[in-house]
């Protein structure tokens, strides 16, 4: 038994099996609904239910409040159809619907970029190609069945020169996977990956100036976007705001400055929130999304791509719209939810 799910305004439809989350059904059938974490923690998949019955699994109230649910909003990642359903989604595209695949990968290099960030490269099978959009992510499949999501930090075209994926992994104390990475992982280790996932990628059909917003390792997918823009010759004005607690958290600062020299339309504003005297920091300070608002009183004509800690992404989403007039449909985000974040469900 299955139910029909219709999506407006596109008019596309797909079927959802009994007990199958709407998002999983959409991904299985190549329908590009918006989403991020897939675990009811980020709210990126939230959309309006127009008809039918949808029952939710566990999720965070910040992703979908009781008031929003009462108003007919749903999370497709944990919402299960109990009848035919009609939903309204602002984004249903074929562009993001590369097939999701599982494949082995080999750790080809490990470079500690800062005290708590490791840049690893994964070598893919020589006869295989993983197709993805800059900004998307893969999941690492752990032996016990758990998964960990990491964005590709290299744009797809870079695989032609150096086949493989670049991941930026931040050490989370007590983290099942990151303790392994920073403890006993060695080059040549085999990891199983699955992807690509996510609806975070550059909307090439727009000519709006771009604000790129990153906190911590949220820089990884932003790096891929910058590489993609350079490769495609995209000349839209773009400014990167990258925030960290201390200057060392901006672990590829030199890479960004080198790209600025190559891309005249790219500007860079590093922002530090907790600088100490010994840092000798003379740049911008405070919350990174506040720095954007200080520079842009009016974002009505812009697009924003935001990645990093959930509090940063959600603060930017709310304040850019309410205080600077950014259209909600021009805010694209990938919220880096941790396992601890995902555990705070209702």
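Read the figures in this text as sums done on the coordinates, not as results from a lab. Keep in mind the model is a prediction, meaning the values are calculated, not measured. Positions of Cβ are generated from backbone atoms using ideal geometry, with glycine treated the same way; all protein chains shown enter the neighbour counts.
I'd like the distance between the alpha-carbon centres of segment 314-335 and segment 160-183, rounded to an integer number of Å.
29 Å
Under a GNM of the chain (C-alpha, springs under 10 Å), which listed residue has the highest mean-square fluctuation: 276, 167, 33?
276
Between residue 144 and residue 17, what FRET efficiency follows from the Cβ-Cβ distance if R0 is 22 Å, with the result rounded to 0.05?
Between residue 144 and residue 17 the formula returns 0.30.
Is the shape of segment 101-197 rounded, prolate or oblate, going by the alpha carbon gyration tensor and its root eigenvalues a ≥ b ≥ c, with a/c under 1.5 for rounded and a/b larger than b/c for prolate?
prolate
List the residues of segment 203-223 whose backbone N lies under 14 Å from a point placed 7 Å from the Cα of residue 262 along the Cα-to-Cβ direction.
Zone members listed by number: 223.
Cα gyration tensor of segment 201-285, axes a ≥ b ≥ c as square roots of the eigenvalues: rounded (a/c below 1.5), prolate (a/b > b/c) or oblate?
On the way: a/c = 2.33, a/b = 2.14, b/c = 1.09.
In terms of gyration-tensor shape, prolate.
What spacing in nm lies between the two simple spin-label points modelled at residue 245 and residue 188, each 7 Å away from Cα in the Cβ direction?
3.7 nm
Which of 44, 151, 83 moves the most in a Gaussian network model of the chain with Cα springs under 10 Å?
Taking springs between Cα atoms under 10 Å, the residue moving most is 83.
If I model a spin label as a point 7 Å beyond the Cα along the Cα-Cβ vector, how far apart are those points for residue 110 and residue 235 in nm?
Between residue 110 and residue 235, the label points sit 4.5 nm apart.
What ranking do 289, 157 get, fewest neighbouring Cβ atoms within 10 angstrom at the top?
Working: 289 27, 157 13.
By the 10 Å Cβ count, ascending, the order reads 157, 289.
Counting other beta carbons within 10 Å of each Cβ, put 187, 161 in order, fewest first.
Working: 187 12, 161 7.
Ascending Cβ contact count within 10 Å gives the list 161, 187.
Is the shape of segment 210-343 rounded, prolate or oblate, going by the alpha carbon gyration tensor and its root eigenvalues a ≥ b ≥ c, with a/c under 1.5 for rounded and a/b larger than b/c for prolate?
Because its axes are fairly even, with a/c under 1.5, segment 210-343 counts as rounded.
Which value in deg cm²/dmol, rounded to the nearest 500, describes the helix-derived mean residue ellipticity at 222 nm for the chain, given -39,500 (n - 2.57) per DSSP H run of n ≥ 4 and division by the residue count?
Helix contribution divided over all residues of the chain: -6000 deg cm²/dmol.
How much length is gained on full extension from residue 100 to residue 48, taking 0.36 nm per residue of separation minus their Cα-Cα distance?
16.1 nm
For an R0 of 35 angstrom, estimate the FRET efficiency from the Cβ-Cβ distance between residue 29 and residue 128 and round to the nearest 0.05.
Given R0 = 35 Å and the Cβ-Cβ separation, E is 0.95.
Report the label-to-label distance for residue 61 and residue 205 in nanometres (one decimal), using points 7 Å from each Cα along the Cα→Cβ vector.
About 3.9 nm separates the two model spin labels.
Just rank 118, 103, fewest to most, by other beta-carbon atoms within 10 angstrom.
103, 118
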